[in-house]
2 protein chains.
Amino acid sequence: LDHSTLPFLPMPHRILVVPVDGSHWVNMELLLRELHARGHSLTVLRSAKSWYIPQNSSIYTSINGHMLEDESDKNFYNELLQRIMKHRKLPSFIRSFRQQFEITSMLRMGHQICCRAAAKMFDDPVFMKKLQDAKYDLMLTDPGLPIGLLLGSYLQLPMVFNVRWINSGESHFTMAPSPVSYVPVSGTELEDQMDFLERTKNLLHYLYSAFEQYAIINPAYSDLLQRHFPPGADLLSIQQSADVWLVRADFVFEFPRPTMPNVFYIGGFQCRKAQALPAELEAFMQSSGEHGVVVMSLGTIISALPRDMMEAIAAAFAQLPQKVVWKFLGQRPSSLGNNTLLVDWLPQTDLLGHPKTRAFVAHGGTNGLYEAIYYGVPVLGLPLLFDQFDNLVRLKARGAARVVEASSLTTENFLEALKDILNNPSYQDNMQRLSRLHRDRPVSPMGTAIFWIEYVIRNKGAAHLRAVAYDLPWYTYHSLDVVALLMVLSGALLWASVSVCSLLCCRRFRKKTKVE
Amino acid sequence: LDHSTLPFLPMPHRILVVPVDGSHWVNMELLLRELHARGHSLTVLRSAKSWYIPQNSSIYTSINGHMLEDESDKNFYNELLQRIMKHRKLPSFIRSFRQQFEITSMLRMGHQICCRAAAKMFDDPVFMKKLQDAKYDLMLTDPGLPIGLLLGSYLQLPMVFNVRWINSGESHFTMAPSPVSYVPVSGTELEDQMDFLERTKNLLHYLYSAFEQYAIINPAYSDLLQRHFPPGADLLSIQQSADVWLVRADFVFEFPRPTMPNVFYIGGFQCRKAQALPAELEAFMQSSGEHGVVVMSLGTIISALPRDMMEAIAAAFAQLPQKVVWKFLGQRPSSLGNNTLLVDWLPQTDLLGHPKTRAFVAHGGTNGLYEAIYYGVPVLGLPLLFDQFDNLVRLKARGAARVVEASSLTTENFLEALKDILNNPSYQDNMQRLSRLHRDRPVSPMGTAIFWIEYVIRNKGAAHLRAVAYDLPWYTYHSLDVVALLMVLSGALLWASVSVCSLLCCRRFRKKTKVE
C-alpha cells in the first residue's frame, strides 16, 4: 500500500523544516517533494553557505538562518578520514574507542558551532518574531543537529523527527530501553550476538557515550537554554519531547531491539521504481553483455581517496570481465582499464535498479545501503567514516556484503572480495531475500512517513503515544529508590528477628543455667 | 486502509487454530471469518465440552482435542466473583495482593488441568501423527492458555499469537522491557504515573508475578516438556519463540510503553460498521426520543449478579428519563421500571453504534471497551474480575469512564455516576476524541492482523524480527557478569594504587627518619 491512497487533509498546512545538510538532505528533499505534492506549504531553514540546499526551489520557500555550515566546510571530513584511517590498523577492541575519541572532539566542535549559530537566531528578536508570527503547524526536523528541535520546542510546535543518528549515538538510545547485552552501541562495530569480551566493550562504549552526552553535548547548550527556555530544560529532554520519530531504519537491516509506540520505521523511504538512464549510460550498461556492471560510489562527503588506493582499485577493476561505472572525483588513475567509466555524478538509484547491475561498491552510508537492499544488489563495502562501519557489519551479518578495509586495501584483496561477491550466488540470494522482506510491509516507508506527519498535524501532536518514562529522574526510572527502601526494610526485619531470637535464646539459656 | 485492499496470497494455506474459549473466542471467530473469506483452510482444535466453540461451522473444520473445558465449567467464575467481591472492601494497597493470591490458586488449578489435557494429546501417538501429517502452514493461537503454543512448538510451525493476557500477567512483560517505574503490572489497578508508594506496590507485584511464573506456572508443565521436548525447554521460552504477536491493545487506551519489532497492535479489530437492529429493538431505541438509550451488559462469563445488586441497579434505571436495554439472566428484579427492556442476548456492537445510544454500563472486558471506544460511547464501569479493574482504570484516566464498585453499589451511587456520565458532556467529548484517534491509523486493526498472519505464512516465519534477548540467561541480559568483572577490575586497580602509594610513602618516611 502506498501513500498515494491516503486521503488528503482538508486544508494544506504550514510546515517548518530544519534539515541537516549533506547526505541527510538528499532524502529529506524527497520527503518534502511528496509533502509539497500533497498541498502542504513548506519553509526550509538553511545556512546562507549551505553545501547542498538550494535557496530557490519550486517546492519550498527558504529562510536563511544560522547553521553548522556557517563556520565549517566539507573539507573537514577529508581530514577526519586521514585520522580515522590511521586508527583502523589498531586491534579491534581498542580501535573503536580511539575512533570514538576522534568523533568526540568533532562533536564538541560541531555542537559549539551549532550553539553559536542557534544563539544568533534566538538573540535576534526580529528573526524570532517572524518565525512566531508565521504560525507554523509543525516542525519537521532531522535532530542529527539540534537547531531544529531547539526552535521547534521554543515555538511550541508539534514536532516530527526524520532521524537516523542523534548526538553521540543511535537515536533509539535516547527514547527506548536499550539493554547493552544485545543492543550494540553505535561505533562499536558489534552485532547483536556478543561474547563476554564484546559485551564488556559494548558496556564501556555505552558508559562513554553517556559521558559524552552529559559532559560534552548537554553543557554546550546550557547557556542558550538558560537564556531562552524554562528553568531545568536540557537538550536530552527536548529531544524526548518529540511527538513522532520517523526512524530511517528497517529490521530487515537493523538488529531487532526494543522500540516505542511513537517510533515509526521509514528506512529506504527514498527508494522508488528505477527510471530510464540517460541514453549514453544505458548504452554502456548494455555493452556489458552477460557479465553485467559493477557500480561504485563513495557518497557525498568524501571527495577524494588517497591516490594509491585509487590506483589499486582501478587496477582491480581492470581485471574484471564486468564493466564498471565509478563516481570519481580527482585525477584519473593511470591503471584504469577500458572497462571502467569514470563519471563525476551518477543516477545512483536508477543504476542500482538496472537489470545489468551485479554489485555495488559502496562506503556504507545509510541511503546507499537501503537502495542496494531495495533493488537486491549485493555490496562490497569500503567504510570510511561514522556509521558506515556499523552499517556494513549489519549487512555482512546477513550474508549480503563483504567488507574491505580502506587502510589495508590492495589490488589483490579488493579483487578477491569483489570476485567473491560477483561469483558466489549466496550474496545475491541473501540480498534478494532482504529485498523481498523489505518490500513486504502493509504501508510503504514513504507512506508511513507521510501518514504520521499528517497525523501529528491533524491531531495537534501525539501526546498519547509518548511514555511518561521521559519525565522520570534516572533513579526513579530504574526504581532505585524503591529498591533501597525494600532493602532497608528487609534489613531491619532481619535485624529485628535476629535480635528477638537471640533474646529468647539468652533467656532460655539463663533459665537453664538457673535450673542447673 | 482496510485489509480488503491487501493482495491475496497466490494459494490458500492451512492454518491450525487453538483458541481460548469464552469471550476470547468471540473475536477469534471474527478473525477466522476474514481468513476464511481470503481462502485459507482453517482447522480449529476445541474441547468436546466447549462452552462456545461450535463443532460444525461453515468457516472451519473442527478437531476435538483436550482443553481446559474438559474438567472445568463456567460456574467456577461465579464462585470466584463471590470471593473477589469480599476482597474489594480491603484497603487498596492490600486488596490487589489479596486478589492476586486468589488468581494464583485459580492459575495453579487451571494450568494443572491444561497440562493434563495437553498430556492426553501428546501421549496419543495417533492423534499427534494426524496433526503432523496434516502439514499445517501456521499455528494461530491465543496463548492465554498454553496448549496451542505447546502444539505449535512441537509441530515446528511458524506461530502467530492473538493475545491480550498471558499467564500471570500482561503479554508485554514476556517479550518487551517493562520498567516497573511506569509500566503498571496487571492486577495492580495502577496508572503509568505513580507516586513512591504506588511504585513500591508495583515492584512487589512484579516480584510476585515472577514468583508465579517460575514457581507455579513453569513447573506445571515441566514433566510434559521433559517427555516431549528437547532438554532445557520451558514454557516461557516457548512463548518467546512466537514469530509475531498480535496484541489486542491500542495506545489510545493502553499506557505507552516499550514494545518489540514483532508486536503489532490490533485492539478493536472486531469492530465494524454497525448493522441495522432487529425491527423490535429499533422501535424501542426510537421510542427513547431525545433522551436516548443506556445499554448494559456484563459480558459472557458471569451469568448472574447477587440479587440485591440487581434490584439496586433496576431501581436506579427506573429513575432515568432515558430508556435502558439490559442483557439480563436470572429472575426479573421487582424494582424494574417501564423504561427498561430485559433481553437475554443483545447485538452489542450494533447497539453501541446506534445513534440513540448515550452510555454503556459494562463490566470492563477488553472487547466491550474497544467497541465503546470505536463508537465513542462513554462507559460506566462495574468491574467484576481479572483485567476488568485495570481496563477501567485506563479509560477513567482518559476521562471517558466512571467506575462503581460492585461490592459497595447502591441505587444512589450508581444513579449519581450514571447521571454524571449522561449529563456531563466531558465524558462523551473525551470518548469521541479517543474514537477519532483510534480510527486514525494507516491500516485498520483487522487489516494489520490479516497482513501479519499472511506475512508469517509467505515468509515461513519472521525470525529477523525476533530479538536475540530471549536467548540470553537473565544475568547476561542484565550485563551482571560484565558489571561484576568491571567492579573486580576497578577494585583491583584501586587496591594496587593504594598499595603502591603507601609503599612509596613508607620509603620516603623511612628515608626522612634516616636522614634525621
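Each Cα pair under 8 Å and six or more residues apart adds its sequence gap; the mean of these over the residue count of region A:279-439 is a relative contact order of 22 percent. An ellipsoid equivalent to region A:362-439, defined through the eigenvalues of its Cα gyration tensor, has semi-axes of 20, 16, 8 Å when rounded to whole angstrom and sorted largest first.
Let me know the shape class of region B:165-227, please: from the alpha-carbon gyration tensor, a ≥ b ≥ c as square roots of the eigenvalues, rounded when a/c is under 1.5, otherwise prolate if a/b is greater than b/c, or oblate. Each step should come with its number before you reach the end.
Numbers: a/c = 3.26, a/b = 2.39, b/c = 1.37.
Prolate.
Straight Cα distances below 24 angstrom link B:LYS135 to the lysines B:LYS120, B:LYS460, with same-chain residues fewer than 8 positions distant left out. For region B:279-439, a crude dipole built from +1 on the beta carbon of Lys and Arg and -1 on the beta carbon of Asp and Glu, taken about the Cα centre, is about 380 debye to the nearest 20.
Label zone of A:THR61 (point 7 Å out along Cα→Cβ, amide N under 15 Å): in region A:123-163 this covers A:127-138. Roughly how many nanometres apart are two label points built 7 Å out from the Cα toward the Cβ at A:LYS89 and A:ARG33? In this crude spin-label approximation the distance works out to 4.4 nm. Look at the stretch A:435-441: the mean tally of other chain Cβ atoms within 10 Å of its residues' Cβ atoms is 2. For the set B:VAL500, A:VAL17, A:VAL468, the ranking by accessible area, highest first and with no ligand, DNA or RNA atoms included, is B:VAL500, A:VAL468, A:VAL17 under a 1.4 Å probe.
The alpha carbon centroids of region B:178-216 and region A:366-412 are separated by 44 Å. The alpha carbon centroids of region A:457-500 and region B:240-283 are separated by 31 Å. Relative to the longest principal axis of the Cα atoms of chain B, the long axis of helix B:480-515 makes an angle of roughly 30 degrees.
Peptide B:468-477 has a mean of 4 when you count, residue by residue, the C-beta atoms of other protein chains within 10 Å of its C-beta. Taking 7 Å steps out from each Cα toward its Cβ at A:SER41 and B:GLU102 produces label points 6.0 nm apart. Bridge orientation summary for the protein assembly as shown: considering DSSP beta bridges with both residues in this region, about 5 percent are antiparallel.
Over chain A, accessible surface divided per residue gives 42 Å², non-protein components excluded, 1.4 Å probe. B:LYS86 contributes about 150 Å² of solvent-accessible surface, heavy atoms of the protein only, 1.4 Å probe. Taking a ≥ b ≥ c as the square roots of the eigenvalues of the alpha-carbon gyration tensor, region A:98-190 is classed oblate because a/c is 1.5 or more while a/b is no larger than b/c. A Förster radius of 56 Å combined with the Cβ-Cβ distance from A:ASP440 to B:SER490 puts the calculated FRET efficiency at roughly 0.70.
Counting only Cβ charges, +1 for Lys and Arg and -1 for Asp and Glu, the dipole size of chain B around its Cα centre is about 1580 debye. Helix A:388-397 and the long axis of chain A differ in direction by around 90°, with both axes built from C-alpha atoms. Per-residue shielding of A:202-213, expressed as the average number of other chain Cβ atoms within 10 Å of the residue Cβ, stands at 1. For region A:100-126 versus region B:89-129, the inter-centroid distance based on Cα atoms is 59 Å. Between helix B:196-211 and chain B there is an angle of about 90 degrees, using the helix long axis and the longest principal axis of the Cα atoms. Alpha-carbon geometry of region B:201-260: the Rg and the Dmax are 15.1, 44 Å, given in that order. Start at zero, step by 10 Å, and the Cα-Cα distances of region B:339-386 spread as 25, 58, 17, 0 percent across the bins. When the protein assembly as shown is described by a simple charge dipole with +1 on each Lys and Arg Cβ and -1 on each Asp and Glu Cβ, the residue from A:ALA37, A:ALA467, B:ALA304 located farthest towards its positive end is A:ALA467. For region A:31-67, list residues with backbone N below 20 Å from a point placed 7 Å from the Cα of A:HIS228 toward its Cβ? Label zone hits: A:43-50, A:62-67.
With contacts taken as Cα pairs under 8 Å and at least 6 residues apart, region A:266-329 reaches a relative contact order of 43 percent. Stokes-Einstein diffusion for chain A, with the hydrodynamic radius set to the Kirkwood value over Cα pairs and evaluated at 37 °C in a medium of 0.692 mPa s, equals 130 µm²/s.
Beta bridges assigned by DSSP with both partners in chain B are antiparallel in approximately 5 percent of cases. Seen through its C-alpha gyration tensor, with square-root eigenvalues sorted a ≥ b ≥ c, region A:475-515 comes out prolate because a/c lies at 1.5 or above while a/b is bigger than b/c. Note on the protein assembly as shown: dipole from Cβ charges, positive end direction compared against B:PRO184, B:VAL26, A:VAL443; the farthest Cα belongs to B:PRO184. Taking only alpha carbon atoms, the protein assembly as shown gives an Rg to Rh ratio of 1.01, where Rh is the Kirkwood radius. Tally the DSSP beta bridges in region B:42-191 and give the antiparallel ones as a percent, rounded to 5. For region B:42-191, the DSSP antiparallel bridge percentage is about 20.
Calculated translational diffusion coefficient of region B:279-439 (4 °C, 1.567 mPa s; Stokes-Einstein with Kirkwood radius over alpha-carbon pairs) equals 84 µm²/s.
Compute for region B:308-388: radius of gyration divided by Kirkwood radius, i.e. Rg/Rh, restricted to C-alpha atoms, rounded to two decimals.
Values: Rg = 12.7 Å, Rh = 13.4 Å.
Using only Cα positions, Rg/Rh for region B:308-388 is 0.95.
Contact order for chain A, expressed relative to its length and based on alpha carbon pairs under 8 Å spaced 6+ residues apart, stands at 15 percent. Projecting the Cα atoms of B:SER153, B:GLN213, B:SER237 onto the dipole axis of region B:153-247, where Lys and Arg carry +1 and Asp and Glu carry -1 at the beta carbon, places B:SER153 farthest toward the positive end. If only the Cβ of Lys and Arg carry +1 and only the Cβ of Asp and Glu carry -1, the dipole of the protein assembly as shown around its Cα centre is close to 2060 debye.
The values are calculated or read from the model by the stated rules, or taken from the named source; none is laboratory data. Note that the coordinates shown come from a computational prediction; the quantities given were computed from them, not determined experimentally. Glycine also receives a Cβ, built like all others from the backbone with ideal geometry; neighbour counts cover every protein chain displayed. In case anyone asks, the SASA skips ligands and DNA or RNA and just uses the protein heavy atoms, side chains included. Shrake-Rupley method; radii C 1.70, N 1.55, O 1.52, S 1.80 Å.
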